[in-house]
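Please treat every number below as a calculation from the coordinates, not as lab data. Keep in mind it's a predicted model, so treat the numbers as computed, not measured. Heads up, the Cβs are rebuilt from the backbone with ideal geometry, glycines too, and the neighbour counts pull from every protein chain shown.
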């Protein structure tokens with residue numbers, strides 16, 4: 001058995017070594033690079049487990065690539081330590097020295113000042129070393145040193161991109177002590193404050209990496225958003241309970257209140273985003289974005305200032321982006337066809353079938369649809385990601401915007417189409433649509449004819465409400481299971497399977513050949529477990545909240561208690577999500593953002609669609625009696641509702657902009673104080689120059705005498721300008737006295 005032990009310490013008392021558990025471990029200056037060499041060479045290409053003749057070739061390739069990895073890290077000034085990981089993986093521990101880390105943090109602050117993200121220069125020079133204001137700032141500096149290209153001072157290690165396809169991930173280590181402390185603190189708080197969001201930002205940053213390299217999302221902003229959304233939900237929850245108990249179905253008053261609530265919440269959050277971005281010094285941070293490693297440019301252009309620009313033809317990019325139009329159409333048609341077929345079968349079973357097991361068969365299509373839709377959506381989202389990658393966006397924000405638009409459209413179709421079909425097809429036109437479907441099914445399957453009911457079809461008016469209840473409640477329960485329970489089960493199973501492979505597999509497993517230093521064993525076990533965790537994808541959580549908001553905006557009058565269910569779910573979600581990040585996921589890279597990304601546009605669209613959908617539902621279903629004349633006046637109702645919303649949005653935005661926020665006023669006051677200080681300094685210097693020395697006065701006289709402009713040389717001596725002015729005043733006085741215009745006559 002080979003034994004790996006750490007080198008003797010350079011500093012401190014000789015012979016005394018401390019394990020990571022015994023020392024006060026720091027997490028702000030470290031990163032881990034996970035390198036997997038199991039897929040190199042002929043094994044990967046041929047899928048063969050044992051290939052002795054090519055073994056040397058494979059391991060030579062792995063050796064060359066691994067040496068290149070270490071060379072790049074060390075060239076960036078980083079110290080590396082290597083330890084074995086699970087299976088055929090290697091953990092490369094990366095540490096930045098105090099001087100390198102502090103200087104990188106300082107340069108980042110100078111860059112923020114140059115791009116007007118912060119208003120004050122941090123002082124110092126190119127060799128200045130400063131400590132990070134919080135842990136995430138230091139970790140972000142190490143992240144840049146590992147990920148950024150060499151020309152920007154980094155090592156250029158981009159996981160699974162280019163030459164680093166075998167670098168599976170890079171991640172900082174969890175500060176478990178701080179995690180547990182903050183988790184206990186958040187679990188005891190009924191309402192989170194902005195100071196709690198500051199703690200989350202200090203630990204995790206305002207923005208984090210997603211599962212895929214260099215695609216970014218927001219964490220601190222996400223927690224601030226869900227808290228704001230949670231607080232606002234109390235209003236529709238209370239009014240929803242009152243509506244459910246005392247008001248009629250499809251209440252017009254509740255629909256109006258909900259539309260007003262959606263508008264006020266959205267405009268308030270836009271202001272809140274600006275407030276938090278100023279508080280966290282990230283307003284305008286998108287201006288500092290670098291190119292995505294996946295961006296493929298056609299040529300380099302150097303402009304007149306010497307700046308190198310990566311150029312990709314605009315026409316090609318636009319042509320590629322236009323491909324999303326047929327993709328959305330095909331995806332919408334496919335999803336719509338599947339949902340329509342399932343919907344038709346469900347209606348036929350529930351309304352026309354009278355055979356055995358009716359209760360179970362009635363819900364079978366919905367259950368099958370609920371099981372199939374996530375897999376279908378996942379496949380379509382995979383195509384959307386490939387298409388977005390093909391579009392070749394230069395920055396991560398542009399890439400994220402394009403991908404979010406596609407996923408948002410797919411989510412709308414998947415989640416809202418069944419309810420829209422029920423509301424605007426089944427209930428009003430069921431007696432027209434269902435009988436033909438029944439006859440078609442009887443001809444296709446003659447044996448089922450005796451099972452069908454012979455009574456006339458009457459649409460169930462409560463079906464719309466039941467559809468909303470089924471989709472929202474089951475969606476929340478399924479989401480909670482998939483987010484919080486299933487990952488734990490998968491992680492436990494993977495750990496068991498890994499241990500089984502280590503003891504039974506014939507492949508080369510590093511941990512079966514190498515033993516850990518006993519002083520490092522606990523620490524390395526924790527690091528290996530973190531390396532197997534998934535990367536947290538906050539986009540999924542934000543998308544879930546946006547879909548929630550859509551249910552409220554579009555269908556709240558159908559089931560007023562929907563907001564109460566969301567309120568309870570989100571109170572739990574707010575705390576469980578932080579636990580999920582700390583326990584079930586790798587620690588994310590604390591990259592920065594100034595908002596929750598393109599999802600605000602999605603909320604705007606849903607608010608607008610809600611004004612149409614809510615008005616149509618209340619207009620058609622507020623009265624139980626069927627009236628064909630309502631369809632005639634429906635366009636007028638939709639038109640009025642939409643324009644009332646637009647006016648309300650403009651009014652609300654104007655009010656909030658006039659009120660401003662604490663951070664906006666604070667920034668304005670600081671800017672004024674800074675400008676006033678500079679002006680005061682200038683004026684003080686100016687006042688100090690009024691009392692000139694005799695030597696300076698003589699120097700100025702000599703300059704004027706030597707000049708070619710004689711106009712400025714006639715009163716060059718001291719007091720001559722004053723004497724000339726007094727003489728003119730005296731002449732005017734003499735003239736008035738001579739002509740009898742004294743002071744007494746002037747008063748008359």
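Determine which residues of the range 66-92 fall in the zone a paramagnetic label at residue 99 would reach in this model, i.e. backbone nitrogen under 20 Å from the point 7 Å along Cα→Cβ.
73-81
If one computes the Cα centroid of the range 579-638 and of the range 217-295, what distance in Å separates the two points?
Each part's Cα centre sits 12 Å from the other's.
For the residue pair residue 490 and residue 670, what label-to-label distance in nm results when each label sits 7 Å from Cα along the Cα-to-beta-carbon direction?
4.2 nm
Given R₀ = 22 Å, what would the calculated FRET efficiency be for residue 678 paired with residue 128, taking r from the Cβ atoms and rounding to 0.05?
Working from the Cβ atoms, E equals 0.45.
Compute the relative contact order of the range 23-173 as a whole-number percentage, counting only Cα pairs closer than 8 Å that sit 6 or more residues apart in sequence.
33 percent
Just order 664-674, 533-543 by mean Cβ neighbour count inside 10 Å, highest at the front, would you?
Numbers: 664-674: 12.4, 533-543: 19.5.
Highest mean packing first, the order is 533-543, 664-674.
Using 0.36 nm per residue, how much length does the chain from residue 26 to residue 600 gain when fully extended, once their Cα-Cα distance is taken away?
202.9 nm
In what sequence, highest mean first, do 718-728, 105-115 appear when ranked by Cβ atoms within 10 angstrom? Don't skip to the end; give the middle numbers.
Values: 718-728: 10.5, 105-115: 17.3.
Top of the packing list down: 105-115, 718-728.
On full extension of the chain, what length is gained from residue 287 through residue 252, given 0.36 nm per residue of separation minus the C-alpha to C-alpha distance?
That pair, residue 287 and residue 252, stretches by 8.0 nm at full extension.
At a Förster radius of 35 Å, what calculated FRET efficiency corresponds to the Cβ-Cβ distance of residue 633 and residue 191, to the nearest 0.05?
Details: r = 44 Å, r/R0 = 1.27.
After rounding to 0.05, the efficiency reads 0.20.
Assuming R0 = 30 Å, what is the FRET efficiency of residue 296 and residue 322, from their Cβ-Cβ distance, to the nearest 0.05? Write out the running numbers ahead of the final one.
On the way: r = 19 Å, r/R0 = 0.62.
Efficiency computed from Cβ-Cβ geometry: 0.95.
Using 0.36 nm per residue, how much length does the chain from residue 168 to residue 341 gain when fully extended, once their Cα-Cα distance is taken away?
Roughly 58.1 nm would be gained on extension.
Beyond 23 Å, what percent of the Cα pairs of the range 23-173 remain?
Across the range 23-173, Cα pairs with separations above 23 Å total 44 percent.
Label residue 178 and residue 738 with points 7 Å out from Cα along Cα→Cβ: what is the distance between them in nm?
Each label point lies 7 Å from its Cα, and together they span 9.0 nm.
Quickly work out the residue 718-to-residue 60 label distance, labels modelled 7 Å from Cα along the C-beta direction, and quote it in nm with one decimal.
9.3 nm
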